[in-house]
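Below is one structure, written out as structure tokens; the observations come after it.
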Amino acid sequence: MLLSLTLSDLCLQCGLCCDGTLFRHVEISDSERERLVQLGIGVGERRKHQVMWLPCGKLEVAKPSGATPLGVKRCSIYEQRPGGCDRFVCALGRRLTAKELTFDEALSRVREMQQRIEALRALLPPGEGPTLRRARALVDAPQPVSDELLSAFKRVETLRYEIFMPPPGP
């Protein structure tokens, strides 16, 4: 029996839009705000819009195993996620749904990005917060960073824009 893997299956193994790698926040409706507050998810306001801050507090990372060396990210409220999360499809997801690439090809690109982020994380000093955000702060600081850190940062950013970020709207 052939198992048909979907965009949702890919999203549940990726989580780059949830962990703060792609975005800092997602817009939410006023009615979603109260429910998210009750769930303990950070919300606020940005440019007069209600937002949920990322990384999302409901993103769980499974412990690494043989099949998934970096662990699998799981949204613990996936079926009840906010509308902004439900509507968003990254550029890779769009290519998958358009059948421009297979599920395995898409998952391979997700794993590559996760590996690049992990390599970048290993070069950062200990700290809290999304890896890419922490690295960007160091790269943008007046103090120089190592060539190794700068190279790892650029590798993540390149793949982020080439594979995951949707093209700008009209």
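The values are calculated or read from the model by the stated rules, or taken from the named source; none is laboratory data. Everything numeric here is computed off the predicted structure, so don't read it as measured data. Glycine gets a Cβ as well: all are built from the backbone with ideal geometry, and neighbour counts include every protein chain shown.
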(message) I'm trying to understand the selection: among the residues of region 56-74, which are crowded, with 17+ Cβ neighbours inside 10 Å and at pLDDT 85 or above?
(response) C56, K58, L59
(request) Find the residue count for region 126-140, including only residues that are at pLDDT below 95 and either assigned to a loop (DSSP other than H, G, I, E, B) or among the acidic types (D, E) (or both). (result) 5
